[in-house]
């Protein structure tokens, strides 16, 4: 079975600062995908960033980047220059063999 | 716009009633997932279909059932509704036919069910 653990239920960060959200996972597979999804107060699920496990290079999307440590099974999300619009629930997820597993989420509050 | 359409967006009903939620996946996507999200909770996986067949089942109650039709749209049926069934129900799709699978799930905007 695959599991995804987000150990930080809630976090706060000051606007313009940097914050890192943690995610660890457990899988016996070698090929898989990892995702971070964002759910703002509107509750729409929005893809933030995606990482293929076979790629060593960490994915980056503008202010969002990941620190992917395959051996440690760790996949943290770094948000630089935090903005008020980043306030949301963030879910980490793993996918392979047509199955998705989501973590329990981290609620991020960006303070002005 | 993710390309996944869910109807209705909002639904208010009474305990004991039955409702049907509908999902149209992204054009060409073969796989449909259903998730339940109660207020301030995570995503609970209910069920997954692939090209018309059930592929995986999660924590779906016996009062709930789903199917995927030949045109690939899916319906989630909730019966004998209870107060605790009030939640946001998401449909998501993936696996485009004939294209590389990016592994990404595309979510609809959800159907918000309120049971009074």
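Readers should treat all values here as calculations from the given coordinates under stated rules, not as data from a laboratory. Worth saying up front: this structure is predicted, and the values here are computed from it rather than measured. Cβ sites come from the backbone with ideal geometry, for glycine too, and all protein chains shown count toward neighbours.
Only Cα pairs under 8 Å and 6+ residues apart enter the sum, and on that basis the relative contact order of the stretch B:1-82 stands at 31 percent. Here the contact order of chain A, divided by its residue count and restricted to Cα pairs under 8 Å and six or more residues apart, works out to 38 percent. The mean sequence separation of alpha-carbon pairs under 8 Å and at least six residues apart, normalised by the residue count of the stretch A:72-112, gives a relative contact order of 41 percent. Out of A:54, A:101, A:90, any idea which swings most in a Gaussian network model of chain A, alpha carbons joined below 10 Å? Comparing A:54, A:101, A:90 in the GNM, the peak value goes to A:54.
Springs between alpha-carbon atoms under 10 Å, Gaussian network over chain A: tell me which of A:59, A:72, A:16 tops the mean-square fluctuations. Maximum fluctuation in the GNM of chain A, among the listed residues, is at A:72. When Rg and the Kirkwood radius Rh are both evaluated on Cα atoms of chain B, their ratio Rg/Rh stands at 0.96. Over the protein assembly as shown, all Cα pairs binned in 10 Å intervals from 0 give whole-percent P(r) values of 8, 32, 35, 20, 5, 0, listed from short to long. With q set to 0.10, 0.15, 0.18, 0.24 Å⁻¹, the log10 of I(q)/I(0) for chain A, from the Debye formula over equal scatterers at the Cα positions, is -0.26, -0.59, -0.84, -1.42.
Residues considered: B:89, B:50, B:33. Largest GNM mean-square fluctuation over chain B, using C-alpha springs under 10 Å, is found at B:50. Here the spin labels are modelled as points 7 Å beyond Cα on the Cα-Cβ line, and at residue A:74 and residue A:42 they lie 3.4 nm apart.
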